[in-house]
Amino acid sequence: MHEWALAEAVIATVIEESRKEGLVEVRKIKLKIGELQQIETEIFEFALNELIKVQGTLITKMKVEMDIERAIFRCRVCGNEWAFGDASKMSEEESEAIHFAPEVAHAYIRCPSCKSPDFEVLHGRGILIEYIKGR
Amino acid sequence: MLETVDPRINIIDKRLAGVKRIIAVSGGKGGIGKSLTAAVLALTLSELGHRVGLLDLDLSAPSTHVILGIEGLYPEEDKGLVPPEIHGIEIMSIVYFSGDNPTPLRGIDISNAMLELLAVTRWGPLDFLIVDTPPGIGDATLDVIRWLKRAEFLVLTTSSKVALETVKKVIRMLRELNVPVIGVIENMRMGGSGLVRRELKEVPVLGEIGFDDKIEDSIGEVNKLLESDFAASIKEIVMRNPGFKLSSYHF
């Protein structure tokens, strides 16, 4: 599941960045996750917790705050803006494809106004660590 | 503390830690045989006993799956995506997800798609990862240089002045950036002008592949591909040039 792969990326990055900053204990991190990633938050949290357990003292007490950012698109042709959630219903296969490779949204989603596939993802893609707090 | 950081970038090196050499197949123009070369190079190295992966980064026009006749495959989910193995090669392509649908991607979408694929793909231990890139020095090539830091380039051209003019720019950029270039292969050679060797003196010309007018009949059929004149030429180039030896990799 790609939640594990992303959780692994988060933990590796937190450890690396914290060491760079000379932290001895990480207390909290905040993640911003794009809705387009279609992450199952329960699996993601479980993966994070499992990885935290095996990573030693630096992050054992780390709390994780997650903010899921709504995916908003803007058509580059007609300027229409719409939300991922407003897109016409997708099949399970299409939804799963976007889950694994979010940019393939361009294969399945069209502007609801002019039907163009040339749209911009204004918000709600990718995954970012917004901050790492510790001492 | 800490400015915003994308954790996916951080994990790329770890995902590729078990890969000994990364060879990006590049070229100035479309239609000169990059994908065919990438696919047949992967098959050849596999036939020679190496563990090989093939990553198709031509995200808007993936085609290595067509060349290798891959249908109905999907990566396995196991703490990421494990690429399916076919003909002894681990193959990852966006086509598993985009299917037959046109997938128009602009620069930032290409970078994000590539980042996602690189971050979640769990390659096995590999001797060679062959990367098929789109033509020129656009987003995908720049991202290969940025994120696949160990990538060495194999540059393809034809003897057409049009292809040569562009390939010179590709090579110049790679050299400016100190990116290793294994060398150049001249494809679709007709006649014996020697123009490519005269024009490209800064990098080794690894060999010439004659115009194979039967190659189209082999597309999609691996056994036929391996018996083609094209594959025989690739094998000869691989056997002859130290640039394809496993031991010549460098970190």
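Quick notes on this structure:
- Each 10 Å bin from zero holds the following percent of Cα-Cα pairs in chain B: 7, 33, 38, 18, 3, 1, 0.
- The lysines within cross-link reach of B:K161, meaning a Cα-to-Cα straight distance under 18 Å and a gap of 8 or more places when in the same chain, are B:K29, B:K34, B:K169, B:K201.
- Probe 1.4 Å, protein heavy atoms only - accessible area per residue of chain B in square angstrom: 42
- Nearest-ten-degree value, helix A:2-20 long axis tilted from longest Cα axis of chain A: 50
- Amide H contacts of B:E152 (H built 1.01 Å from N, in plane; Pro and chain starts excluded): B:I22, B:I23, B:A24 sit under 5 Å, all sequence-distant by 5 or more or on other chains.
- Sequence-separation-based contact order of the range A:2-134, relative, with Cα cut under 8 Å and 6+ spacing, percent: 37
- Only lysines eight or more places from A:K133 in sequence, or on another chain, were considered; those with a Cα closer than 16 Å are A:K20, A:K28, A:K30, A:K32, A:K61, A:K63.
- Here the accessible area of chain B is 50 percent carbon and sulfur, with a 1.4 angstrom probe and all protein chains present.
- Antiparallel content of DSSP bridges confined to chain B, in %, to 5: 10
- Loss of accessible area when B meets A, both sides summed, Å² nearest 100, probe 1.4 Å: 3300
- Overall form of the range B:83-232 per C-alpha gyration tensor (a/c, 1.5; a/b vs b/c): oblate
- Hull shadow area, averaged, the range B:1-96 [alpha-carbon convex hull, nm²]: 8.4
- Remark on chain A: Rg and Dmax equal 17.4, 54 Å (Cα only).
- When A:C114, A:C75 are compared by accessible area of protein heavy atoms, the largest-first order is A:C114, A:C75, using a 1.4 Å probe.
- Extents of the range A:1-72, taken as max minus min of Cα coordinates on every principal axis and listed largest first, are 38, 22, 16 Å.
- Between the range B:40-58 and the range B:146-168, the alpha-carbon center distance in angstrom: 19
- With kT/(6 pi eta Rh) evaluated at 37 °C and eta = 0.692 mPa s, and Rh the Kirkwood radius from Cα pairs, the protein assembly as shown diffuses with a coefficient of 148 µm²/s according to Stokes-Einstein.
- Helix-only [θ]222 nm of chain B, DSSP H runs n ≥ 4, -39500 (n - 2.57) each, per residue, nearest 500: -10500 deg cm²/dmol
- Exposed loop sites are taken as GluC sites (Glu not before Pro) in a DSSP loop (any state but H, G, I, E or B) with at most 13 other beta carbon atoms within 10 Å; the longest stretch of chain B without one runs B:72-201.
- By DSSP, the beta bridges lying fully in the protein assembly as shown are antiparallel in about 35 percent of cases.
- Mean shadow area of the range B:161-243 over all directions, Cα convex hull, nm²: 6.4
- Scanning residues 5 or more positions from A:G126 or on other chains, those with amide H under 5 Å from its amide H are A:G34, A:Q37, with H placed 1.01 Å from N in the peptide plane.
- The range A:71-135 and the range B:171-199 have Cα centres separated by 40 Å.
The values are calculated or read from the model by the stated rules, or taken from the named source; none is laboratory data. Remember, it's a predicted structure, so these values are computed and weren't measured experimentally. Don't worry about glycine lacking a Cβ; one is built from the backbone with ideal geometry, like all the others, and counts go over all protein chains shown. With ligands, DNA and RNA removed, areas are computed over all heavy atoms of the protein, side chains included. Shrake-Rupley method; radii C 1.70, N 1.55, O 1.52, S 1.80 Å.
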